[in-house]
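Notes follow the structure.
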């Protein structure tokens, strides 16, 4: 697992070698803040919790995570460094995991930098910090699931823009699959089992459960399985497409 | 372990296209094998399979006893590879990139440092250590690629067009480096510069349409040229009489007028590549022609290259 770690370090450092890291973090924080304050009515709610802050995360990730994941493999394929990378003595597992974990750690850094919100609610009230911690863990798990999808899709193409759009579309599908809009559309004709299945894939509903303060094993397992599934697909896709 | 690289009945298809077609050869320690061939001949594909980047459609490659299909990581440890395209991550500095390569190849601390220093010194990268690779000139990028390929002192070096796009001085440096490394390693280089083969290779193969069409020392390949043992003769004044007389010699097949850097003259082609310089000089001496130049040709690789690659089915 040494090679996973070495790849992880290189990838994580590469985020900070370009302005990408700083642009991403600034925009993430600005968006998180403005959504919370303006759309979530953080102050008017008069509640000392961070529900207004966390409930926008699925939408925030929908836009920002594809921007983070699009370069993972598309850039390697475009610049041709994939040939160098995959002829080093590393396993495909290490290559895929190292890259994914670096992106995940980076999104974790961005998430951790929202700590002023946590400080704010602790200054003005007495929030349940257990719920907040659970929400942070839930948000991180959800970010990982979005990233795994994005990582797999970025291996499909050399074009980062296509990778971005594909990822945003698939992530959107996963996000809204539990919404009344989608379910209402299905309920008229689809068998109940299918409706149930579609709604159970919703990132939103799994994340909402976590926001209530309990990390249910099922929700954690759900996000972790999405990651495992898409990272496996990622390895398969890299293997299939690297020759193009 | 005699052969360091053994390519066994290697075939690689891309959909309906067969890029490499049933190719077998082996390379021993101390050999520098030159891959010659027109663009699209399958040189790069063969290299990508040897280095484990692409899986073979059938057949296999064994590198230092490790099968690239069944035991890719062990095989890759023995290989240093300079790919045709990117030689390093564009946004990394030269030093940062070499450190990454050292770490991923399993070197730490003092050993990593000494290996990086040696690679830098061998490829003269001292001046650009802190520069991002994307800002380097083509020559330096190529040297960064060579440095990362050499860093772990591999038994096998695979270099895909190592001198492509370099100026004559840089080409000379790279060739000198390859010659220095050659005795302890098995090296494959691909090129379409024929003089390079004569300069660095101990063995040359010609690939076209995915097939291996010729395999031998550069001298053996040159001997297949129609210029092999031909005599280039320059005569002051008219050479018509000389041509008539020379054509009567039993060893002479044909004579063509040539004009090159040495001026005008005639090229006397031998029958079946035999040495005719003796017959020709005897005749010249007896006839007393005012000759201004006489030279024996070794043979021309580009003749062989053209002849072999133009008629793939006949030559195979």
Failed item, numbered, when residue A:91 is tested on (1) within 14 Å of chain B (Cβ to nearest Cβ); (2) buried (at least 23 other Cβ atoms within 10 Å of the Cβ): (2)
Options B:40, B:30, B:34; residue that is outside any strand (DSSP E or B) and more than 20 Å from residue A:244 (Cα to Cα): B:30
Failed item in (1) more than 20 Å from residue B:54 (Cα to Cα); (2) more than 17 Å from the chain's Cα centre (by Cα); (3) not in a helix (DSSP H, G or I), with residue B:87 passing the rest: (1)
Which listed residue is more than 14 Å from chain A (Cβ to nearest Cβ), over 25 Å from the mean Cα position of the chain (by Cα) and in contact (Cβ under 8 Å) with a residue 12 or more places away in the chain, from B:115, B:29, B:122: B:115
Residue that is nearest to the chain's Cα centre (by Cα) [pool: residues in segment A:188-204 that are surrounded by 17 or more Cβ atoms within 10 Å (Cβ to Cβ) and part of a helix (DSSP H, G or I)]: A:203
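Residues checked against (1) closer than 28 Å to residue B:174 by Cα; (2) modelled with pLDDT under 85:
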residue	(1), (2)
B:194	yes, yes
B:208	yes, no
B:257	no, no
B:272	no, yes
Of all residues making up segment A:3-60, the number that are in a loop (DSSP other than H, G, I, E, B), within 14 Å of another protein chain (Cβ to nearest Cβ) and at pLDDT below 85: 1
Residue that is touching a residue at least 12 places away in the same chain (Cβ under 8 Å), farther than 23 Å from residue A:8 by Cα, touching a helix residue (DSSP H, G or I) at 6+ places or on another chain (Cβ under 7 Å) and within 14 Å of chain A (Cβ to nearest Cβ), where the choices are B:90, B:56: B:56
Test result for residue B:280, at pLDDT below 85, surrounded by 13 or more Cβ atoms within 10 Å (Cβ to Cβ) and part of a helix (DSSP H, G or I): no
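Here's the yes/no breakdown for (1) out of contact with any helix residue (DSSP H, G or I) (no Cβ under 9 Å at 6 or more places or on another chain); (2) crowded, with 19+ Cβ neighbours inside 10 Å:
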residue	(1), (2)
B:187	no, yes
B:192	no, no
B:195	no, no
B:206	no, yes
B:214	no, yes
B:220	yes, no
B:226	no, no
Residue in segment B:12-25 that is nearest to the other protein chains (Cβ to nearest Cβ), counting only those that are closer than 28 Å to residue B:303 by Cα and buried (at least 16 other Cβ atoms within 10 Å of the Cβ): B:19
Exclusive hit being touching a residue at least 60 places away in the same chain (Cβ under 8 Å), within 31 Å of the chain's Cα centre (by Cα) and assigned to a strand (DSSP E or B), set B:226, B:232: B:232
Segment A:102-135, subset under 23 Å from residue A:216 (Cα atoms) and under 16 Å from the mean Cα position of the chain (by Cα), residue surrounded by the fewest Cβ atoms within 10 Å (Cβ to Cβ): A:112
All positions within segment B:61-85 that are in contact with a helix residue (DSSP H, G or I) (Cβ under 9 Å, 6 or more places away or on another chain) and touching a residue at least 40 places away in the same chain (Cβ under 8 Å): B:61, B:62, B:63, B:64, B:65, B:79, B:80, B:81, B:82, B:83, B:84
Flag for residue B:157 being in contact with a helix residue (DSSP H, G or I) (Cβ under 9 Å, 6 or more places away or on another chain), in a strand (DSSP E or B) and either buried (at least 22 other Cβ atoms within 10 Å of the Cβ) or more than 9 Å from chain A (Cβ to nearest Cβ) (or both): yes
The listed residue being within 22 Å of residue B:193 (Cβ to Cβ) and without any contact (Cβ under 8 Å) to a residue 60 or more places away in the chain, out of B:40, B:34, B:15: B:40
Flag for residue B:81 being under 27 Å from the mean Cα position of the chain (by Cα), in a strand (DSSP E or B), facing chain A (nearest Cβ under 10 Å) and crowded, with 21+ Cβ neighbours inside 10 Å: yes
Neighbours by Cβ (under 9 Å, 6+ apart or cross-chain): first from segment A:33-46, at positive phi and loosely packed, with under 15 Cβ neighbours inside 10 Å; second in a helix (DSSP H, G or I) and modelled with pLDDT of 70 or more: A:41/A:52
Filter pass, residue A:80 being out of contact with any strand residue (DSSP E or B) (no Cβ under 9 Å at 6 or more places or on another chain), within 14 Å of chain B (Cβ to nearest Cβ), more than 24 Å from residue A:200 (Cβ to Cβ) and crowded, with 17+ Cβ neighbours inside 10 Å: no
Failed item in (1) in a helix (DSSP H, G or I); (2) within 14 Å of another protein chain (Cβ to nearest Cβ), with residue A:244 passing the rest: (1)
Options A:226, A:238: the member that is in a helix (DSSP H, G or I), surrounded by 14 or more Cβ atoms within 10 Å (Cβ to Cβ) and within 14 Å of another protein chain (Cβ to nearest Cβ): A:238
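The values are calculated or read from the model by the stated rules, or taken from the named source; none is laboratory data. Remember, predicted model here, so these are calculated numbers, not experimental data. Virtual Cβ from ideal backbone geometry, glycine too; neighbours counted across all protein chains shown.
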